[in-house]
Amino acid sequence: QVQLVESGGGLVQAGGSLRLSCAASGRTGSFYAMGWFRQAPGKEREFVGAISRSGGSTYYAESVKGRFTISRDNAKNTVYLQMNSLKPADTAVYYCAATTRSARVDSRYLYDYWGQGTQVTVSS
């Protein structure tokens, strides 16, 4: 059984930083990539970024490119999302996800496992 647990969300002022963590357990060896998505009230869940199993490849949405960085520590089975220069528009529930398929990592429909989400609120 796979479990993904996010942590690190909170309230921060615009321009500030937060680091989210996603701890994975279970059959993590089957993961092709891990991703971060977010969902604001009244909006669809959107892709934020993803990282390959080895960590050698990363992918970002245009809206966060240059501000957010994804990394991973395979020894700890943990993926991180470092968020800098945060904006009120970044306010959302952030979800960690894992996919076993070697396909588009920006499509939420191709992810097999999801965490429970962590709230990020950026005040102006």
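Overview of results
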quantity	calculated
Residue match in the stretch 90-112 (condition: open to solvent by 60 Å² or more (accessible area, probe 1.4 Å) and assigned to a strand (DSSP E or B))	no
Residue among GLY56, GLY49, GLY66 that alone is more than 16 Å from VAL5 (Cα to Cα), open to solvent by less than 30 Å² (accessible area, probe 1.4 Å) and among the small types (Gly, Ala, Ser)	GLY49
Any pair with Cβ under 7 angstrom, 6 or more apart, that starts in the stretch 1-16 at a residue that is touching a residue at least 12 places away in the same chain (Cβ under 8 Å) and ends at one that is surrounded by fewer than 15 Cβ atoms within 10 Å (Cβ to Cβ) and assigned to a strand (DSSP E or B)	GLN3/SER25; GLY8/ARG19; GLY9/GLN119; LEU11/SER123; GLN13/SER123; ALA14/SER123
Selected residue (criterion: nearest to LYS87 (Cα to Cα)) from residues of the stretch 26-40 that are open to solvent by 10 Å² or more (accessible area, probe 1.4 Å) and at pLDDT below 95	TYR32
Single residue of SER25, SER85, SER54 found to be more than 14 Å from the chain's Cα centre (by Cα) and touching a residue at least 60 places away in the same chain (Cβ under 8 Å)	SER85
All positions within the stretch 88-124 that are of a type in the set (Ser, Thr, Tyr) and without any contact (Cβ under 8 Å) to a residue 12 or more places away in the chain	TYR109
Extreme residue, nearest to the chain's Cα centre (by Cα), among residues of the stretch 113-124 that are in a strand (DSSP E or B) and surrounded by 18 or more Cβ atoms within 10 Å (Cβ to Cβ)	THR118
Residues located in the stretch 1-25, provided they are farther than 15 Å from GLN116 by Cβ and not hydroxyl-bearing (Ser, Thr, Tyr)	GLY10, LEU11, VAL12, GLN13, ALA14, GLY15, GLY16, LEU18, ARG19
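The values are calculated or read from the model by the stated rules, or taken from the named source; none is laboratory data. What you see is a predicted model, and the numbers here were worked out from it, not measured in a lab. Every residue, glycine as well, gets a Cβ built from its backbone with ideal geometry; the counts of neighbours run over all protein chains shown. When the accessible area is computed, the model is the full protein with side chains, heavy atoms only, and any ligands, DNA or RNA have been set aside. Shrake-Rupley method; radii C 1.70, N 1.55, O 1.52, S 1.80 Å.
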